[in-house]
1. So between ARG197 and ARG92, what do we pick up on full extension, going 0.36 nm a residue minus the alpha carbon distance?
2. Would you mind getting me the FRET efficiency between ALA71 and GLU283? Use the beta-carbon distance for r and R0 = 35 Å, nearest 0.05.
3. At 18 angstrom or more along the helix axis (alpha-carbon based) and mean Kyte-Doolittle of -1.0 or higher, what helices does the chain contain? Whole DSSP H runs only.
4. Students often check this: by mean Cβ neighbours within 10 Å, which of 51-62, 23-34, 249-260 ranks highest, and how do the rest follow?
5. Of all alpha-carbon pairs in the chain, indicate the percentage at a distance above 34 angstrom.
6. Ranked highest first by average number of other Cβ atoms within 10 Å, how do 424-430, 153-159 line up?
7. Classify segment 242-388: rounded, prolate or oblate, from the alpha-carbon gyration tensor (a ≥ b ≥ c, eigenvalue square roots; a/c under 1.5 rounded; otherwise prolate if a/b is larger than b/c)?
8. Using only DSSP helix segments of four residues or longer, with each worth -39500 (n - 2.57), what per-residue ellipticity at 222 nm results for the chain after dividing by its residue count and rounding to 500?
Amino acid sequence: MPQSPYEALMAEVRQIDLLGGTASLLSWDQETMMPPAGVAYRSGQSALLSRLRHERFTSPRIGELLSTCEADDALTADALSPPAVNLRELRRDYDRALKLPAELVAEFSRATSIARHVWAEARKADDYAAFKPHLKTLIDLLNRKAECYGWPEDGERWDALAEGFEPGLTARGVEAVFDPLRPRLVALIQRIGEGGRQPEDALNRVRVPIDAQMRFVRAVAERLGFDFSRGRLDVSAHPFCGGTHRDDVRMTTRFGQDNLGDALGSTMHETGHGIYNQSVPAEHVGEPFGRAVGLSIHESQSRLWENFVGRRRSFWRWCAPLLGEHFGDAFTGVGPDEAWVSMNRVEPGLIRVEADETTYNLHIMIRFELERRLLGGDLSVDDLPAAWNAAYARDLGIEVPNDADGCMQDVHWSIGAMGYFPTYTMGNLYAAQFFEAAQSALGDVDAMFARGEFGPLRQWLTERIYSQGRRYLSEDLCRQVTGGGLSSEPLLNHLEARLGEDYGL
Ligand code: ZN
């Protein structure tokens, strides 16, 4: 029987996905295994794969097949069926990919690869002046990209870029959730500061061997439900989760001599991403339907396992006794309560990636506010450091001593990723909402966690979120799972309750 247009389209899409998975494996290798001297040749390999993928995806044949399939009512009648979802997702990505002229794509790719390199050097030397002209170039290019993509009439250019990371995300929508969140977070952090009490950091002051730390965090990841027969855990400078598809998930973590709590937090975070990637629908591998929803929902799962499970008192009733098994008497005297307190310290700091669960969101809000102004033209790159430092003083009450630990600390802007940061905090918000819903469905989750039982929570999430693939857009999924749209209340309730207990507020 000849292939139908839909089968032909899916066959082509799955081929393109093979290129994507191969590129992802090369980048995993670059971060974990590759000798440093391999970088130049590897850049060539990666650039070739991304060009092949782009060319194949934007070919007229894809456009023709898409149009033919869209005209077939049998495929689109049920908007939530896998074929309809595949067509919806492909149409959006296809139209978007065609909106950029090839020379702008090439110019952007050249500019970001130079800017990323200059940024790394400039950050080491604390030399914002060296990075500044490259940032200016990227902002000009981003504005040109935004013009090509366009944005809704009541929106702004930031929206055009955010759409590439999270369909439907707009600055106004972000503002609506961030505005009520900011003053309550600032007030909460001030109350903690005024209390003058800083709990002991018992998990992060003990020197223990790295190989024992690796065995410990692996044991936890496995218990949470990460399947090591379909994935790996390795070490990289910046932890991430990638891989080729649901049966080959590569996650990484990092260790210090005396930072066990941080290593566990990073590992549980990536394990959340990893379990999600391992649990998308098997029968749709390589199709849009078989992928996770956008960045916010993905981040909600890493945050849920890291913060809502890993920083919960009941989790430590199960986990604290493991310390003795893995580290002998190195953690003598560190019981469930001491470990739990150590995992829940709140301390305003300079660096986003080292921030605790509470202050983290303020780091994100500052970036959102500044990148929106940079793109809109009412903040110049000359004035960025001063604006950054003023925002840190205002929201976190800290003085920024240099630009390396200030406006140059993140890689995102150096690779032209503006419109991305808010997805981290939205991940926190969704995590709080999903966890609340899971608790009311599952009953006493604390009794389960204390026994080291995470299967019921994982199954609940798999049924409602992971196995749904891309059926719903983020906010629709949230309504489907929780009965309501994105809201900042559950996260605030969670933080106020937890810190009330920990800090006696
Ligand atoms: Zn993450």
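Please treat every number below as a calculation from the coordinates, not as lab data. Computed from a predicted model, the values in this text were never measured in an experiment. All Cβ positions, even for glycine, are placed from backbone atoms using ideal geometry, and neighbour counts span all protein chains on display.
1. 32.7 nm
2. The formula returns an efficiency of 0.90 here.
3. Going by DSSP H runs, the hits are 5-32, 39-57, 102-124, 128-149, 171-195, 210-224, 260-278, 313-327, 360-376, 422-442, 489-503.
4. 249-260, 23-34, 51-62
5. Roughly 38 percent, rounded to a whole number.
6. Per-residue mean Cβ counts within 10 Å order the peptides as 424-430, 153-159.
7. Oblate.
8. Taking each H run of at least 4 residues, the total per residue is -20500 deg cm²/dmol.
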